[in-house]
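The values are calculated or read from the model by the stated rules, or taken from the named source; none is laboratory data. Source: prediction; values computed, not measured. Every residue, glycine as well, gets a Cβ built from its backbone with ideal geometry; the counts of neighbours run over all protein chains shown. Protein only, heavy atoms only, side chains kept; ligands, DNA and RNA dropped before computing areas. Shrake-Rupley method; radii C 1.70, N 1.55, O 1.52, S 1.80 Å.
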Amino acid sequence: MILVIAEQKNGTLNRASWETIAIAQQMAGGQPVKVAIPGGAVGPVAQELAAAKVAEVVRIEHEALEPYTPDGFTLALSAVIGQLAPQYVLLPHTYQTRDFVPKLAARMGRALVTDCTAFRPEGGALAFARPMFQGKLVAQVVPEGDAPHFVTFQIGAARADAVVKGDAPAAVTTVPVTVARAAIRQQPEAPFQEAKQAVDLSQAERIVAVGRGIKSQENLELARKVAAAFGAELAASRPICDAGWLPMERQIGSSGQTVAPKLYVALGISGAIQHLVGMKGSRTIVAINKDAEAPIFEVADYGIAGDLFEIAPALIAELGK
Amino acid sequence: MTSTVERETLDVDVLIVGGGPAGLSAALKLSQLQKRTGGEPLSIAVLEKARETGAHMMSGAVLDVSALKELVPDFLDRQAPLASEVHEDHIYFLTPGGKLRFPITPAPFRNHGNYIISLNRFVKWLSEQVEAEGIDIFSGFAGREVLYDGDRVIGVRTGDRGIDKHGQPRDNFEPGVDIHAKVTIFADGVRGNLTKELQRRFQLGAGREPQSFAIGIKELWEVPAGRIRPGTVIHTMGYPLNTEEFGGGFVYAMPDNRVFVGFVSGLDYVDPMFDPHVAFQRFKLHPLVRGIIEGGQMIRYGAKALPEGGWNTIPRPYLDGALIVGDAAGFMNSMRLKGIHLAMRSGMLAADAAFEAVNAGDASAARLKRYETLINASPIRKELYPVRNVHQAFGHGFVAGFLYAGIAMVTNGWWFDRMTGHAGQDRIQTIARYYTRRGRQVPEGATQAVKPDRQVTFDKLTNVHYSGTRHDEDQPVHLLVHTEVCESICGPEYNYPCQRFCPANVYEIVTEAVGNRLQINASNCVHCKTCDIMDPYQVITWVPPEGGGGPQYDGM
Amino acid sequence: MKIAVCIKQVPTREWQPRLNDTKTWIRDQDASYEMNEPDAYALEEGLRLKEKHGGEVVVCSAGPARAAQVLREALARGADRAIHVEDEQIGAADAFVVTEALAAAMREEQFDLVLTGLQSDDQGFAQTGVILAERLGMPHATIIMEVQAADGRLRVKRELEGGWFQWIAMSLPAVLTIQSGINQLRYATLKGIMAAKKKEIRKVAAPAGLSARQRILKLDFPEKGKKTQMIAGGPEEAARELVRRLREEARAL
Ligand SMILES: Cc1cc2nc3c(=O)[nH]c(=O)nc-3n(C[C@H](O)[C@H](O)[C@H](O)COP(=O)(O)OP(=O)(O)OC[C@H]3O[C@@H](n4cnc5c(N)ncnc54)[C@H](O)[C@@H]3O)c2cc1C
Ligand SMILES: Cc1cc2nc3c(=O)[nH]c(=O)nc-3n(C[C@H](O)[C@H](O)[C@H](O)COP(=O)(O)OP(=O)(O)OC[C@H]3O[C@@H](n4cnc5c(N)ncnc54)[C@H](O)[C@@H]3O)c2cc1C
Ligand code: SF4
């Protein structure tokens, strides 16, 4: 059996959970897939998850599990996993996962392979692909020791809409857990958003990046409009930040940020290797450059060889439709 | 700001600036002398601008082990990283599609008993020998200016760290340190920024010929098995250079299918549109080289200038409180393309002179002159004196130069004695003179530029990526350029030659509505020093960036 | 406060990976190394806490002999002493093995606070700090952007996704994994480098018989393998076609 541990906060499901369920379904090969959802009150979220074609959705409910703490989760989940005895435990590689799963796996003495992007059969077992050395290499890793094996998957490793839906909602059950409040050593306060914080491009879903093809600072306005039309953050190649047209924290590349958004649109960027290392992990890359030979096209999924000053307005119009 | 801050000071007996073969040999020799004579241990400090010793080492390199044998007689037991003994030696004269092999290898080019090394690895090893003696090597610290008491050198100030690109101190600002020494040994390599300062201030080159330089560009390759036997050394002349240009290529084969491929271009070319990086690309495309590297992988890139003037250009290497060693002084045999052993030996001799001076409590120039006496009696002179005019001879055309190289060996070099050189960079001609007036077409980019195929040939930016270069981007530009000269004079006359002679694309001309603007991508800089040497109006000054910045020449 | 900072020696960011003959690990001897970046921030945070609250900073590393380089660097920046769990194989080991080795060496020291980087630039497990907490029986918090300490208690700011943060309180002893950028790193000084030579690096052997929980079958370079679809036509036509494909094929909108 494969157990997916879904993630929710105050009754809102983290979308990345769907991706992990999709992977579990692909991995299953006849084995049942179950989804566990820990939290304070997870009834509605469990119902939502039950839409997936899975054997069962398991509610792991306890008032001590909301808000999340690593101690609480480790206590509750080690008990439930022990009981359900799955072959694999899969999770999305979120910040919360990173916070407790190593502890959980260590407590149970089981293997944990993190940040995976794919799996493939390897001599009767499964090997998991994960980046190493900052994405310069990809490792095929096999977990060792007794089951269950914990595996976390990078956000974007699968498509959420690849989840196979069931004909009827899956059964929702509740596994009772006891979590002694006193055993939880962390006292979390309410989350907050920083009033004025630095942009974190590594978190952006879509990025529109401009390069020297934009020619002048005044023209940045056009790039801003393109970004707005895509619902994207604006970023740039080094010369743009060097010139002070955009702040340094918006620079993508070897001496700037490394990003892997769902969509990366490069406007007038040639694609020097120092830029590419910062963005080539993006899921979908669009390049618009008037030089059809520019190296950026080698990493692009979609390319338009043309003048950005003609194409950008057309794009804005098209996206506005 | 710099005048008011409180600075750390450090007092040592001998300060060595530059942790290359010259500086480290001086350090090691000093501690050996100390051990032999006993007494109070000397305090010795070595400053090196690289993050770790060896990181800025970029050389061929075929090592003549003569000096190493004296300095570390048991170097084999101590596992000096010598990649391979030289087994085969070839010299070719290249034509565009073919090659002529020199039937015999002239004596000075013979490499029997020499070793192919990665100077990066070798220097790391040498620094371990030095540290084992308890000597402090401060890597990540650049000597920024020389400290004087009157006209006596009393030490060096290291660069301030933690200054942002507008020149303002950041929270972690750390002022440079004043290191005071009884004797300071300058081992800051080719066109060392501190040695340059000394040369200017004290006219150390007076009565000598001006130095001339070359730039060497090299890649480390992993090639398919069986292409070339480890221990093979190939030197080439001719293609892709024409007869007015000096230089040549090399291929050195190591075990594990690793090969160094490099090209040296004299910085005394006349064509303002010449680009040494292009010459290197064309060299790699020659069937001889291409046949070795094609299908392999380029794994490291680097570039560095080298002094080529030889014996007649060596400045006075001693002054009150200071000595100059290695490439900084120009101890380099350009005909053999070898300087490591000379750098080491000059360091050892300087150690000798410094040791004596410190013990005598007298570090005056008169006392330190002994260093020059030692050099004149050493194998350094024996090697360099006979070939003292070779480079200048090449300045008179390739054929003359090569003939000369042979004759010089036989005649001890008297033949061309009156052939004076001029600073090589002065030979570059204006666009008008080289092209327009002779009715030649000015090329659009560099002369005979090749389109990089990203298999065998690369553009500069891709290459720089493979040099491992990193600088903190938030620091002042370390290339001080009088940009007004660029736009008003150098651009129109020479068509911005800095774009071409810089092997790291630091200088870029950006065309804007208001005209051309020189964009300096300082963080690309691989510290080769070519711009400091080659710009026609001498308006570029290379100063060390924040310590620790620069290339990372693993295995080079 | 007795503070431990765990640091790892990793290949420099500029290093171009080369693989060993069996393609199961890198050619270690070809790489150049440096302190893992988040660990450097953890060290800086440790030093600042010590400057404020007094005590001692002990740097700990599990690694081969060459890892002494980063320990010496840490001593030069101001750490008081170092523990080196020296083992030639441990540089390639998984987080289970590394934490077991570290915990064995650290347990008896009874640290009040243990800091690690949030993950390493080589294998990138993001597990070491958390498992170490489990092994040392301490509470932990991860991806920390600010640390306040008073009266045996901690209040730390944890980074959440999407620009959100959260304060978490807990009592000491505890383990924190530190995010890069939490502070501004100091430079090593000449005096610091000289002083470091006199500081102790205690070498300990890794406990025997540690068993890994994962094995690398194979290392590869990421595949390029993208096929670029060039979209032709006039600006309006190309824009329309691009948006269509982004919506329908790539589902990126
Ligand atoms: C050590 C080092 C670190 C570096 N770090 C970084 C880094 O972090 N990030 C980074 O980005 N770079 C970095 N670089 C610089 C990098 O090598 C390139 O110089 C830079 O990425 C080029 O930026 P660009 O593509 O905007 O400019 P260019 O290379 O000048 O390209 C401009 C492009 O715009 C196109 N164009 C022009 N006009 C139009 C038009 N009207 N319509 C459409 N297209 C047009 C041109 O065809 C050209 O391809 C680094 C370099 C080094 C050596
Ligand atoms: C392409 C090429 C091929 C060559 N091939 C060979 C060969 O095959 N055989 C051979 O014997 N020789 C060869 N040489 C020459 C040889 O590399 C040099 O002669 C030798 O490295 C000189 O040693 P050095 O110690 O004087 O200077 P360097 O090796 O240049 O060392 C100087 C050191 O000082 C440091 N430094 C500089 N300025 C400062 C400062 N301000 N503060 C602190 N540190 C500073 C530098 O970072 C550097 O580490 C070659 C050179 C080149 C460029
Ligand atoms: S800027 Fe000057 S020193 Fe730096 S790489 Fe270019 S030519 Fe060499």
- Message: For the stretch A:121-133, check the following and say yes or no: at least one residue is touching a strand residue (DSSP E or B) at 6+ places or on another chain (Cβ under 7 Å), open to solvent by 40 Å² or more (accessible area, probe 1.4 Å) and more than 9 Å from every other protein chain (Cβ to nearest Cβ).
- Response: yes
- Check C:ALA93, C:ALA141 and return the single one that is without any contact (Cβ under 8 Å) to a residue 60 or more places away in the chain and crowded, with 20+ Cβ neighbours inside 10 Å. C:ALA141
- The residue that is farthest from the other protein chains (Cβ to nearest Cβ), considering only those in the stretch C:8-34 that are within 17 Å of C:PHE125 (Cβ to Cβ) and part of a strand (DSSP E or B), is C:GLN9
- Message: Cβ-Cβ distance below 8 Å, separation of 6 or more or different chains: which pairs start in the stretch B:543-554 with a residue that is farther than 17 Å from B:GLY159 by Cβ and open to solvent by less than 20 Å² (accessible area, probe 1.4 Å) and end on one that is within 11 Å of ligand 3 (Cβ to nearest atom) and of a type in the set (Gly, Ala, Ser)?
- Response: B:PRO551/B:GLY302; B:PRO551/B:SER467; B:GLN552/B:SER467; B:TYR553/B:GLY302; B:TYR553/B:SER467
- Pick from the stretch A:219-230 the residues that are open to solvent by less than 60 Å² (accessible area, probe 1.4 Å) and either touching a helix residue (DSSP H, G or I) at 6+ places or on another chain (Cβ under 9 Å) or assigned to a strand (DSSP E or B) (or both): which of them is farthest from ligand 2 (Cβ to nearest atom)? A:ALA229
- Query: If only one of B:GLU70, B:GLU85 is in contact (Cβ under 8 Å) with a residue 40 or more places away in the chain, within 29 Å of B:ILE299 (Cβ to Cβ) and among the charged types (D, E, K, R), which one is it?
  - Reply: B:GLU85
- Query: Do you know which residues across the stretch C:161-184 are touching a helix residue (DSSP H, G or I) at 6+ places or on another chain (Cβ under 6 Å) and under 30 Å from A:GLU205 (Cα atoms)?
  - Reply: C:GLU161, C:GLY162, C:THR177, C:ILE178, C:SER180, C:ILE182, C:ASN183
- Go through (1) open to solvent by 50 Å² or more (accessible area, probe 1.4 Å); (2) within 14 Å of chain C (Cβ to nearest Cβ) and name the single condition B:ASP160 misses. (1)
- Task: Please give the strands (runs of 3 or more DSSP E) falling wholly within the stretch B:125-234 in which 2 or more residues are within 28 Å of B:PHE280 (Cβ to Cβ) and touching a residue at least 24 places away in the same chain (Cβ under 8 Å).
- Result: B:213-222
- Looking at (1) closer than 30 Å to C:ALA150 by Cβ; (2) surrounded by fewer than 24 Cβ atoms within 10 Å (Cβ to Cβ); (3) out of contact with any Cys (no Cβ under 9 Å at 6 or more places or on another chain), which is the one condition that is false for C:ILE83? (3)
- Task: Determine which member of the set A:ALA147, A:ALA170, A:ALA157, A:ALA182 is closer than 27 Å to C:LEU210 by Cβ, more than 10 Å from chain C (Cβ to nearest Cβ) and either at pLDDT below 95 or touching a strand residue (DSSP E or B) at 6+ places or on another chain (Cβ under 7 Å) (or both).
- Result: A:ALA147
- Message: I'm trying to understand the selection: among the residues of the stretch A:174-195, which are touching a helix residue (DSSP H, G or I) at 6+ places or on another chain (Cβ under 9 Å) and in a strand (DSSP E or B)?
- Response: A:THR174, A:GLN193
- Message: Quick test of your reading of the structure: C:LYS198 fulfils all but one of (1) away from every other protein chain (no Cβ under 11 Å); (2) free of Cβ contacts under 8 Å to residues at least 40 places away in the same chain; (3) in contact with a Pro (Cβ under 9 Å, 6 or more places away or on another chain). Name the failing condition by number.
- Response: (3)
- Item | Residues that are closer than 25 Å to C:GLU73 by Cβ, in contact with a Gly (Cβ under 9 Å, 6 or more places away or on another chain) and not β-branched (Val, Ile, Thr), drawn from the stretch C:141-194 | C:MET145, C:LEU176, C:GLN179, C:SER180, C:GLN184, C:ARG186, C:TYR187, C:ALA188, C:GLY192
- Item | Among the residues listed as B:LEU30, B:LEU10, B:LEU47, the single one being touching a residue at least 60 places away in the same chain (Cβ under 8 Å) and in a helix (DSSP H, G or I) | B:LEU30
- Query: Residue check, A:LEU65 against (1) away from chain C (no Cβ under 14 Å); (2) buried (at least 24 other Cβ atoms within 10 Å of the Cβ), all met but one. Which one?
  - Reply: (2)
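Matching residues to (1) near ligand 2 (Cβ under 8 Å from one of its atoms); (2) under 21 Å from B:LEU82 (Cα atoms); (3) within 14 Å of chain C (Cβ to nearest Cβ); (4) of a type in the set (Lys, Arg):
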{"residue": "B:ALA305", "(1), (2), (3), (4)": "yes, no, no, no"}
{"residue": "B:ASN312", "(1), (2), (3), (4)": "no, no, no, no"}
{"residue": "B:ILE324", "(1), (2), (3), (4)": "no, no, no, no"}
{"residue": "B:MET332", "(1), (2), (3), (4)": "yes, yes, no, no"}
{"residue": "B:MET335", "(1), (2), (3), (4)": "no, no, no, no"}
{"residue": "B:LYS338", "(1), (2), (3), (4)": "yes, yes, no, yes"}
{"residue": "B:ARG345", "(1), (2), (3), (4)": "no, yes, no, yes"}
{"residue": "B:ALA350", "(1), (2), (3), (4)": "no, no, no, no"}
- Query: For the subset of the stretch C:218-248 comprising residues that are aliphatic (A, V, I, L, M) and exposed (fewer than 15 other Cβ atoms within 10 Å of the Cβ), which member is farthest from the other protein chains (Cβ to nearest Cβ)?
  - Reply: C:ALA232
- Name the residue, out of B:GLY113, B:GLY167, that is open to solvent by 20 Å² or more (accessible area, probe 1.4 Å), more than 16 Å from ligand 3 (Cβ to nearest atom) and assigned by TED's automatic domain parsing to the domain that holds B:TYR252. B:GLY113
- Message: Among the residues of the stretch B:468-483, are any within 16 Å of ligand 1 (Cβ to nearest atom) and without any contact (Cβ under 8 Å) to a residue 24 or more places away in the chain?
- Response: no
- Message: Which count do you get for residues in the stretch B:10-59 that are at pLDDT 95 or above, open to solvent by 30 Å² or more (accessible area, probe 1.4 Å) and more than 13 Å from ligand 2 (Cβ to nearest atom)?
- Response: 4
- Task: Counting only residues that are within 16 Å of B:VAL464 (Cα to Cα) and more than 16 Å from ligand 2 (Cβ to nearest atom), give me the helices (runs of 4 or more DSSP H) lying completely in the stretch B:483-556 with at least 2 of them.
- Result: B:498-501
- Query: Here is a list of conditions, (1) among the polar types (S, T, N, Q); (2) farther than 30 Å from B:ASP11 by Cβ; (3) within 8 Å of another protein chain (Cβ to nearest Cβ), and C:THR189 meets all of them except one; can you say which number that is?
  - Reply: (2)
